[in-house]
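Written below as structure tokens is the structure these notes are about.
The values are calculated or read from the model by the stated rules, or taken from the named source; none is laboratory data. Worth saying up front: this structure is predicted, and the values here are computed from it rather than measured. Note that we place each Cβ from the backbone using ideal geometry, even for glycine, and neighbour counts take in every protein chain shown. Heavy atoms of the whole protein, side chains included, go into the accessibility calculation; ligands, DNA and RNA do not. Shrake-Rupley method; radii C 1.70, N 1.55, O 1.52, S 1.80 Å.
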Amino acid sequence: MTKIKIPYSKQFLEIEIPDKNLAAILESKAHDYKVENTQDEIVNKALDNPIGSAKLEELVKNKKNLVLITSDHTRPVPSKVTLPILLRRIRKVNPKIDITILIATGFHRPTTREEMVNKFGQEIVDNEVIINHVSEDYNTMVKVGMLPSGGELLLNKIAMEAELLISEGFIEPHFFAGFSGGRKSVLPGVASAKTVMANHCSEFIASEYARSGVIENNPIHRDMLYAAKQAKLAFILNVVIDSEKNVINAFAGDSELAHIEGCKFVMELASVKAVKADIAISTNGGYPLDQNIYQSVKGMTAAEATCKENGVIIMVSACNDGHGGQSFYDNIANASSPREVLDRVIKIGRNDTAPDQWEFQILARILDKFTVILVTDMCDPEMIKKMHMQHAFTFEEALERAFKIKGNDATISVIPDGVSVIVR
């Protein structure tokens, strides 16, 4: 037996795979990446050496106000490390500057105060102005123009009216935008629901270029890049993290150039060769990304890339917050089959995109080709079953069922952290 440690919620599970079945363990090199410096030192070094930009301190001089976009509760950005450094450096040169922290919720629900404290720390929550972006509140939006794809570009007024707009985030493989970070803090981060849905249309999601690790010719990335430029996103701090959510590298500077350098680094660390297997096991990297089924689709796409057609995907994800989106749930649960969803969604025009359409389109694509067993003891099993997946309370139960489907000699590929790899 081979024992493998995988993340689940805020802990780790140790699973056992029979040696005769194990075909591969696909893991990002980030998990073994060794750093000599502390997280603070890594972040400060990046800020001291910005890419394609003047230093942050130069940019904030003589500015009256600044908006700092940060990620919401669904993203493992180590803001307890990064935010204090950014705020300290900004106020050192401009003590009187008016700073607003804008949470880039994208199409997600607002971040609660408890989640803010968990993410930013009590001191920042108690002493800073923090505002949730609400994508469906059109009174807080301003029209900026049209996206290259033809969708209407509506962005948060607070971001657009800022004298200086900066953002923090992290870079990891993203299942249809290529990579997270950089321009994503604007679109979908602080964009209107209408804009997000136009960008996430069925045509773009179906594109062969809308895949993990791909930004060249990616139509979704193209729109996002345009939105960031229109918003005048002046400076970014993006970090790369390991499986313990610790900073292993950081990139700061121009919102496009610094992001590109970060993506190159992540590509080098995260690329793994697909080893096709009858059974593929994946996770969503544990908390906070495995809080719901919606987010867990990301980890499933890694398994999709290494699983033989008609194979079994075992997805280990807590999903303690349920499905993660009512439209996402309804469109899967109310369909007679995943194929029905795919046939219907591809006919939907760009400007008629439904809420969460991209997510249920990708989940349907996976469910149409594979049997998915979702492992969790924190989510309603009936909800999972209604979404055309199987449920198992334990990994052992799921593996036993997978063997019954594919046979006792079935090959297995394990992806301990599905959101950290680019399977090619």
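Worth a mention:
- Rounded to the nearest 10 degrees, the inclination of helix 257-270 to the longest alpha-carbon principal axis of the chain is 20 degrees.
- Surface composition of the chain: carbon and sulfur make up 48 percent of the accessible area, probe 1.4 Å.
- Potential lengthening of the chain between Asp98 and Ala274 amounts to 58.5 nm, from the contour at 0.36 nm per residue minus the alpha-carbon distance.
- Note on the chain: GNM, Cα springs under 10 Å; of Ile220, Ile205, Ile15, the largest mean-square fluctuation is that of Ile15.
- For the chain: relative contact order, % (alpha-carbon pairs under 8 angstrom, 6 or more apart): 21
- Amide hydrogen neighbours beyond the local backbone of Thr2, cut-off 5 Å, H modeled: Ile17, Asp19
- Using alpha carbons only: equivalent-ellipsoid semi-axes of the stretch 1-149, gyration tensor based, whole Å: 36, 22, 17
- Unsatisfied cross-links (Cα-Cα over 28 Å) in the set Lys64/Lys264; Lys63/Lys229; Lys5/Lys80; Lys80/Lys298; Lys119/Lys184; Lys264/Lys298: Lys64/Lys264
- Total lysine pairs in the stretch 337-424 at Cα distances under 18 Å, for residues eight or more apart or on different chains: 4.
- Bridges between two residues of the stretch 1-113, per DSSP, are antiparallel at a rate of about 50%.
- Å² of accessible area per residue within the chain, as computed with a 1.4 Å probe and no ligands counted: 40
- Helix axis angle, 293-304 relative to the chain longest principal axis, alpha carbon, degrees: 60
- Extension gain for the segment Glu397 to Glu14, taken as residue separation times 0.36 nm less the Cα-Cα distance, is 136.5 nm to one decimal.
- Label-point separation in nm, Ile348 to Lys5, each point 7 Å along Cα→Cβ: 4.1
- Efficiency of FRET from Cβ geometry, Asp377 and Glu309, R₀ 30 Å, rounded to 0.05: 0.50
- Using 0.36 nm per residue and subtracting the Cα-Cα separation, the extra length available between Lys385 and Ser337 on full extension is 16.1 nm.
- Per-peptide average of other Cβ atoms within 10 Å, ordering 353-366, 154-167, 371-384 highest first: 353-366, 154-167, 371-384
- Virtual spin-label span in nm between Glu163 and Gln326, 7 Å along Cα→Cβ: 4.2
- Taking all protein chains as they are arranged and a probe of 1.4 Å, the heavy atoms of Phe403 leave approximately 30 Å² accessible to solvent.
- Between the stretch 132-169 and the stretch 231-259, the Cα center-to-center distance that results, in Å: 21
- Beta bridges per DSSP with both ends in the chain, % antiparallel, nearest 5: 30
- Relative counts (whole %) of C-alpha pair distances in the stretch 257-412, using bins that are 5 Å wide: 2, 10, 17, 20, 19, 15, 11, 5, 2, 0
- Three-way shape label, the stretch 171-224, alpha-carbon gyration tensor, a/c 1.5: oblate
- Relative to one another, the C-alpha centroids of the stretch 303-332 and the stretch 44-60 are positioned 40 Å apart.
- Considering only the stretch 200-323, percent of DSSP beta bridges that pair antiparallel, nearest 5: 50
- With helices as the sole contributors, the chain gives -9500 deg cm²/dmol at 222 nm; each DSSP H run of n ≥ 4 counts as -39500 (n - 2.57), and the sum is divided by every residue.
- Cα shape, the stretch 116-210, gyration tensor, a/c 1.5 rule: oblate
- Cysteines without a disulfide-compatible neighbour (Cβ-Cβ under 4.7 Å), the chain: Cys201, Cys263, Cys307
- On Cα atoms only, tilt of 395-406 relative to the major axis of the chain in degrees: 50
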